[in-house]
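We did not get these values from a lab; they are worked out from the coordinates using the rules stated. Just so we're clear, the structure is a prediction, and the values are computed from it rather than from any experiment. Reconstructed Cβ throughout: ideal geometry from the backbone, glycine too, with neighbour counts over all protein chains shown.
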Amino acid sequence: MSINDLFGKDLKVVNTGLSSFAENLKHSGVETVNVDWKPSVNVRPDYLNLIEDNSDKIAAANKKTTDIILKGMPVLVGLDIAINVIPGMKKNMILHSGPPITWDRMCGPTRGAIMGALIYEGMAKNIEEAEKIASSGKIEFAPCHEHSSVGPMAGIISPSMPVFIIKNEAFGNYAYCTLNEGLGKVLRYGAFGEDVITRLKWMEQVLYPTLKRAVEKLGRIDLKNMIAQALHMGDEVHNRNRAGTSLFFRAIAPAIMRTTDNLEDAAKVLEFINGNDHFFLNLSMPASKAVLDPARNIKYSSVVVVMARNGTDFGVQLSGTGDTWFTGAALVPDALYFPGYTKADANPDIGDSAITETGGLGGFAIAAAPAIVQFVGGSAKDAISYTMQMYEITVAENNMYQIPYLNFRGTPTGIDVIKVIDKSLTPFIDTGVAHKNPGVGQVGAGVLSAPIEPFVKAFEGFAETLK
Amino acid sequence: MSIIKGKILSGEYLDSITLLVVTEEMNKTKGVIESSVVMGSRENKAILQNSGLMLPEFKDTTDNDLLVCIKAETEEVSTDILDNIQTIFKKFRNSDENTEDYSPKSFDGAIKLMPEANLSLISIAGKYATREAMKALKSGLHVMIFSDNVSIEDELKLKQYGASKGLLVMGPDCGTAIINGAPLAFANVVNRDNIGIVAASGTGLQEISCIISNEGAGISQAIGTGGRDVKKEIGGIMFLQALQALNEDKETEVIVLVSKPPHEDVLKKIAFEIKKIKKPVVAIFIGASAEVIKASGAIPASTLEETALIAAALSKGKKIEDIKPELEKAEVAIKTLASNLLKNKKNMQKYLRGLFSGGTLCDETQLILKEHIGYVYSNTPLNKDFKLMDAWKSKENSVVDMGDDEFTVGRPHPMIDFSLRNKKIVEEASDPEVAVILLDVVLGYGSNLNPASELVPAITKAKEISPEITIICSITGTESDPQNRADVNRRLENAGAIVMQTNASASKLAAYIIK
């Protein structure tokens, strides 16, 4: 646009800096957008130059990456026992959430959940024994993410736990996740009491076979469609899964009734699902994982394919940097606490559930979930602002997942680490909060902005691949 | 000592998160040890039991009952909260859900919101400004950089790139512009008409555009370039681009150029350009001789006021000669006023002190004074022999640019923050040798919204200290400015100041008094 073309037009101004200039322009009737600007994260200038020099290649790779993510078609195709289906799973292996970590660095909830899992597996009689075995080196610990799996909170998957099998029909890959136990004192929040183990056993012996038969009967349940509907019904499928759980219930209930051999068991299973608003979380998570996995290993792609926390470290993986984890300390979330608990009781952020944000859901879609705006400051305006901010660090807008309030605009999808650094704006994540000590369980729920450190490291690691 | 009290609200419902928020709110109340607000489900009652807040009366409640339970230091604390519980609920139910415009966090966020944006106004710290400006240029936006402290290398890079794309790069250090009638940064609300301005001088542009507007003429476009544009290193890239654009602009019939004297190479280029232009071009290169300007092919003017009056006359189809009698008449009036004011001066009162917020106005005043009383001392002197050793200490006849860096480090510009200048006004009035204090008052967007209220106390104080002192104020502004020129004028006069309509006439009045 030449200078003389500008003279003929209405002036439309982007104001960066003194907001009074924007106010003055608005006052004189000039359409103005005021940028709430802050400086970029400080990174090495040679890295910035490398990225600038390769900007076309990066843009093309990022487009390719997000095209794969958007094409993903996650479908629930069955259930099985972990050892039977999870790739690389071993009898003495326990999977956990987040990046790799050794026993000595694990947080309270993860330790608690591992000890509980050892009792559940019959490998230990009590907590003392479980602790001894866990620290003995005989048990192999590995991140869920390195075994095509995801787990909420502590994210513990032990060999005989039942898991959902999700297939990405567009690319043929699979993802796995355990079944959700409910809220409060549960294994994934680090509780390991007798009631916890009893519930897990019931889930293995009653819930699992009942659901397995029902899903077999149905053949497939389209999760992409179900998530899209849930977003229209007020879920963001991370901290609110009420609509998703209801939709799943509607889909599965007739099949359960048709395939059960014990009506009381069927009723208990349906009651269990009905009574747990977060049942769907363990489907929205592996659905996101199944969609993101085919987008891994694309050269020049700066798109984030994993964000995961183990309660000690926050880990990030990029499409263009292979299997490398970039980590930094996990933060304690701002949360609303259950009666009797405060931030001092809280463990740092934990769980693989940030895979939903990585896939354009959860905190990225919070504008779709007005019922939980109390988590983000109490007003719908705050929730919308968070989603709007996430558009600024993502490459694409989702084709299926939409925000009704924003005129059905697609959710922000495909986090670009370059944008995160450039705008000094980290992903916004919904989360539950575990007590920092093993054995206690959930103490609250809330939100947090991801720490910058793992993104800085990921940015540097990515820039190195451009040399 | 503590007491637990509770209440059952049947049929009341709040979602679980609102309940947590309400609980947090109650816990903040003085005297409350612990509290809980929950729906009366079995699970919740178990939680109450565990936390020691379960009351016997809660035993038979159901999911449809809301339970409030408070453990407090005294019964009064609990009773007070329980009696007002509905008010607390209401606070969270009717929370303000007014969805104001989203403020994006970055340039590309802004572009997503307003894809048809065509100008980026940048006023962040200089070290970040280049990068933001380049983003805007690459997206095809014109740019105005208000920020200073941008390196001259970066300025050159931005302007070369902008010129190659046919885009305006106003600044760095461009304080004002009026594009398509929109006042950008520090700009006045002026009439829209047929005079186009190119300025490498911020307050120069403001003064000229205001006088033009006050004369009943108007501005088509006023393009700032930043002061360094006409230096050798930048070579006038944007000054020339803007000049060409105004030449091609159908709305513009008269062109005004204002700047400090450009580098000779740049002046040659400007002259070359002017020769191609059929529209009248009026120019003031503050400090350059009329011959230099004439050689460039432009109509020379000696003051900002004269520049504006010539342009206004030409824009209405009048001849330059037509305004001569008017100027001469004004000159006589100033002389008369000066001799009246001289009558009540004490013998020892012989010096002038100028305290300026506008840099170009300070320069113009020095030029006018030079004609009448010779060089004066300044922190930004015309002649380096007259450099004030200490900008804070005036000497004989002095004019100080208080917008210069040494006064603005760590504080707002004197057009916004009057406190430093007010202090100086009182200080100068306390000097028995001072006869005249000369002030500029710059109105418009960006400037202090209530300059009269800022200045009147200082002027009153100065008059108390030295009743014979003359305080002359010039006003740069229009009736349409947010501050309202007439109102400012009246209040300054009521305080005892002599208000002149232009900086040139104020400077001349000062000069005649001191002479």
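Could you name the lysines in cross-link range of residue B:30, using Cα to Cα under 25 Å and dropping any fewer than eight places away on the same chain? Hits, sequence-local ones excluded: A:343, B:5, B:7, B:71, B:90, B:91.
Counting only lysines at least 8 places from residue A:125 when in the same chain, those with an alpha carbon closer than 18 Å to its own are A:91, A:138, A:201. Distant-in-sequence amide contacts of residue A:411, defined by a placed amide H-H separation under 5 Å and a gap of 5 or more residues or a different chain, comprise A:398, A:401, A:402, A:403. What does a probe at residue A:171 reach in the range A:283-312, counting residues whose amide N is under 17 Å from the point 7 Å along Cα→Cβ? Only A:285-308 fall inside the zone, counting backbone N under 17 Å. The mean number of Cβ atoms from other chains found within 10 Å of a Cβ in peptide A:368-381 is 4, as a whole number.
Distances between placed amide hydrogens fall under 5 Å for residue B:120 paired with A:14, B:142, B:143, B:144, all partners being 5 or more residues away or on another chain. Taking each residue of B:48-57 in turn, how many C-beta atoms of other protein chains fall within 10 Å of its C-beta, and what is the average? The shielding value for this peptide is 1.
Distance cut-off 28 Å, Cα to Cα: go down the list A:26/B:112; A:26/B:279; A:57/B:165; B:393/B:508; A:26/B:319 and report the pairs above it. From the list (A:26/B:112; A:26/B:279; A:57/B:165; B:393/B:508; A:26/B:319), the Cα-Cα distance tops 28 Å for A:26/B:279; A:26/B:319. For the range B:3-93, the gyration tensor built on C-alpha atoms gives an oblate shape. Its axis ratio a/c (a ≥ b ≥ c) is at least 1.5, and a/b is not larger than b/c.
Per-residue mean of foreign Cβ neighbours for A:337-349 is 3 (Cβ atoms of other chains, 10 Å radius). Determine the calculated [θ] at 222 nm for chain A from helices alone, applying -39500 (n - 2.57) to every DSSP H run no shorter than 4 residues and normalising by the residue count; nearest 500 deg cm²/dmol. Value at 222 nm, helices only: -11000 deg cm²/dmol. Diffusion of the range B:114-323 by Stokes-Einstein, at 25 °C in a medium of 0.890 mPa s and with Rh set to the Kirkwood radius over alpha-carbon pairs, works out to 146 µm²/s. Summed over qualifying helices (DSSP H, 4 residues or more, each -39500 (n - 2.57)) and divided by its residue number, chain B shows a 222 nm mean residue ellipticity of -13000 deg cm²/dmol. Amide H contacts for residue B:444 (H built 1.01 Å from N in the peptide plane; partners 5 or more residues away or on another chain; cut-off under 5 Å): B:483. Ordering B:365-377, A:234-246, A:280-292 by mean Cβ neighbour count within 10 Å, with the highest value first, yields A:280-292, A:234-246, B:365-377.
Ellipsoid semi-axes for the range B:466-515, based on the Cα gyration tensor and the rule √(5λ), read 22, 14, 5 Å when sorted largest first.
Phi angles of the range B:387-394 translate, via the Karplus equation with coefficients 6.51, -1.76, 1.60 and θ = phi - 60°, into HN-Hα couplings of 6, 5, 4, 10, 4, 7, 10, 6 Hz per residue; Gly and Pro are given as x.
Share of Cα-Cα pairs in chain B beyond 30 Å, in percent? Roughly 58 percent, once rounded to a whole number.
Treat each spin label as a single point 7 Å out from the Cα along the C-beta direction, and report the residue A:38 to residue B:332 distance in nm. Label-label distance for residue A:38 and residue B:332, simple model: 6.6 nm. Computed 3J(HN,Hα) for the range B:3-9, one whole-Hz value per residue from the Karplus formula 6.51 cos²θ - 1.76 cosθ + 1.60 where θ = phi - 60°, is 9, 10, 10, x, 8, 10, 10, glycine and proline marked x. Couplings 3J(HN,Hα) for the range A:363-379, derived from phi with the Karplus relation 6.51 cos²θ - 1.76 cosθ + 1.60 (θ = phi - 60°), are x, 6, 10, 5, 5, 7, 10, x, 5, 10, 5, 4, 5, 10, x, x, 10 Hz, where x marks Gly and Pro. Note: relative contact order over the range B:114-323, using C-alpha pairs below 8 Å and six or more positions apart, is 16 percent. Note on the protein assembly as shown: antiparallel DSSP beta bridges, both residues inside, total approximately 50 percent of the bridges counted. Give, as a single signed number, the net charge of other residues whose beta carbon lies under 10 Å from the beta carbon of residue B:216, with Lys and Arg counted +1 and Asp and Glu -1. Net charge in that neighbourhood comes out at -1.
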